[in-house]
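Okay, so here's the structure we're looking at.
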Amino acid sequence: MDNTIYKNRRNSLKESLPENSVLLIPGADMQYRNADSAYAFRQDSNFYYFSGFCEPTSLIAIVNNKDGISTIIFVPPKDKLREIWDGYRAGPIGAVDDFLFDKAYDNTQIDTVMPDILNGSNQVLYAIGKKSGFDQKVIDWTTQAGSKDRHSKSINIIDASSLLGNARLIKDDHEISLMRKACDISAEAHIEAMKSVKSIDSEQHIESLYCNEFSKRGGRFQAYTPIVAGGENACTLHYVENNQNLKKSDLLLVDAGCEYEMYASDITRTFPVSGKFSDEQLKIYEIVLEAMNAAIDQVKPGNDIMQPQEISERVITEGLIRIGLLEGDPEELHKSGAFKEFYMHKIGHWLGLDVHDAGDYMEGDEYMKFKPGMITTIEPGIYISSSMDVDDKWKGIGVRIEDDILVTKDGNENLTSKVPSDPKEIESLMS
């Protein structure tokens, strides 16, 4: 990996930093399942984006003062014994030589050095409230910095969440290549699940299939806890128990994606366990697919993020009227939000280092407009639980279809189109 990519990203922040300010980006700490059994370490996404550095309990400080911009990192110290147990540490020298920071300290020096770094600054910027205990650390450091010079002004604390998140919103070519790979791996897993489900009797077995297919293709980690929901379980939007048996009459909704080199994919497909949609299942599915295709068509430069949302609502409203689940004037039903009984969530979210990626959805008082390099999910759905006051033939049907869409100069590219969404193609694949 060429670490100049991360150096260039740090340099790109220069124009955004006020004079006499310090931007702090804390890394993640080790997390423990119990006792001394640690979870696999996963670096904080903001920290990784600007460093490429994957050791815990680290901190970036980007300083903008009268001497110009400088980048500083605090990292775990070299330790022969700990490296025998836990693996290689770059140490401060490696952080400068390999990761191209201007200066580095070991992290045992943070409380001593940080007040000196902040001394003379007017502002300290960081993502407020994101990391437990870090807010108090910043307050302590700024207090100590102020005590070093009785003539110094107080240091204002500014939330940098939008600054950092919006820097990640438009993906560069390197990021897009990694996300293509993540999407390809996940697409292959979904295809294998469709081919295999007729011989599988449980949600848990399907979940294990995805884990295996991801891992053997290079996506060791899942980007999020998968949803493997048979039958009416699909009507629970965040169903993650994944422990029920499957019935041949069920639809199976699977929302699953791998992480590849820190970047997420996010795909949902709904397919019949038997290999063939029932008439009612197919009618609901085709409405969702129509909404999906209409929404994807709205993802292009110049359009705002609410245009896919609105068109999906209108298509679903009209479809529900067509099959008798709603009655009335389409415009009035849309205006009243009648569709929300069946389709109650947003059309999608940004995708990148996080599955619900950083970046604002508003620009001032207006919705964010799509720009080339943005990646969003598009994921309409219809959910009809058994508690709803509808004809029994519709009850227990839950359908969502989700793809990952890259905004291009001329429109968009569907990064997950390898997985069939057309019902005839799904049935053919499963036959």
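Throughout, read-outs are computed from the coordinates displayed, never taken from laboratory work. Keep in mind the model is a prediction, meaning the values are calculated, not measured. Here Cβ is always computed from backbone atoms with ideal geometry, including for glycine, and neighbour counts include all displayed protein chains.
Place a point 7 Å from Cα of LYS248 in the direction of its Cβ. Which residues in the stretch 277-295 have their backbone N less than 18 Å from it? It comes to 277-281, nothing else. Take the alpha carbon atoms of the stretch 92-124, find their center, do the same for the stretch 140-198, and report the distance between the two centers in whole angstrom. So the separation of the two Cα centres works out to 21 Å. The C-alpha radius of gyration of the stretch 196-255, expressed as a fraction of 2.2 N^0.38 Å, stands at 1.10. Positive-end ranking of MET179, SER154, PRO420 along the dipole of the chain, with charges on Cβ about the Cα centre, is headed by SER154. Evaluated on the stretch 345-431, the Kirkwood hydrodynamic radius is 15.6 Å, with distances taken between all distinct Cα atoms. Computed about the Cα centre, the dipole magnitude for the stretch 1-120 is approximately 180 debye when only Lys and Arg (+1) and Asp and Glu (-1) carry charge, each at its Cβ. Taking 0.36 nm per residue of separation and subtracting the current Cα-Cα distance, fully stretching the chain between LYS103 and GLU425 would add 110.3 nm. Available extension along the chain between HIS238 and LYS131 is 36.1 nm, counting 0.36 nm per residue and deducting the alpha carbon span. Which FRET efficiency value, to the nearest 0.05, is calculated for ASN65 and ARG42 with the Förster distance at 35 angstrom and r the Cβ-Cβ distance? So, using R0 = 35 Å, E works out to roughly 0.60.
Between the helical axis of 203-216 and the longest alpha-carbon principal axis of the chain there is an angle of about 50 degrees.
Computing volume of the Cα convex hull per residue in Å³ for the structure here picks out one of (i) 186; (ii) 169; (iii) 238, namely (ii). For the stretch 311-402, applying the loop criterion from DSSP together with a ceiling of 14 other beta carbons within 10 Å to the GluC sites (Glu not before Pro) yields GLU327.
If you wrap the Cα atoms of the stretch 126-229 in a convex hull and average its projected area over all directions, you get 10.5 nm².
For the stretch 141-197, trypsin sites (Lys or Arg not before Pro) are listed when DSSP marks them as loop and at most 14 other Cβ atoms sit within 10 Å of their Cβ; the list is LYS148, ARG150, LYS153. Projecting the Cα atoms of ALA193, GLY328, ILE347 onto the charge dipole of the stretch 173-430 (Cβ charges, centred on the Cα centre) puts ALA193 farthest toward the positive pole. Here the translational diffusion coefficient of the stretch 4-167 follows from Stokes-Einstein with Rh set to the Kirkwood radius across Cα pairs; for 10 °C and 1.306 mPa s it amounts to 97 µm²/s.
So which of LYS369/LYS395; LYS371/LYS418; LYS216/LYS395; LYS130/LYS216; LYS198/LYS340; LYS7/LYS181 end up more than 29 Å apart by C-alpha? In this structure, LYS369/LYS395; LYS216/LYS395; LYS130/LYS216; LYS198/LYS340 exceed 29 Å between Cα atoms. Oblate is the label for the stretch 173-430. Its Cα gyration tensor axes, ordered a ≥ b ≥ c, give a/c of at least 1.5 and b/c at or above a/b.
Dipole magnitude for the stretch 173-430: computed about the Cα centre from +1 point charges on Lys and Arg Cβ and -1 point charges on Asp and Glu Cβ, it is near 800 debye.
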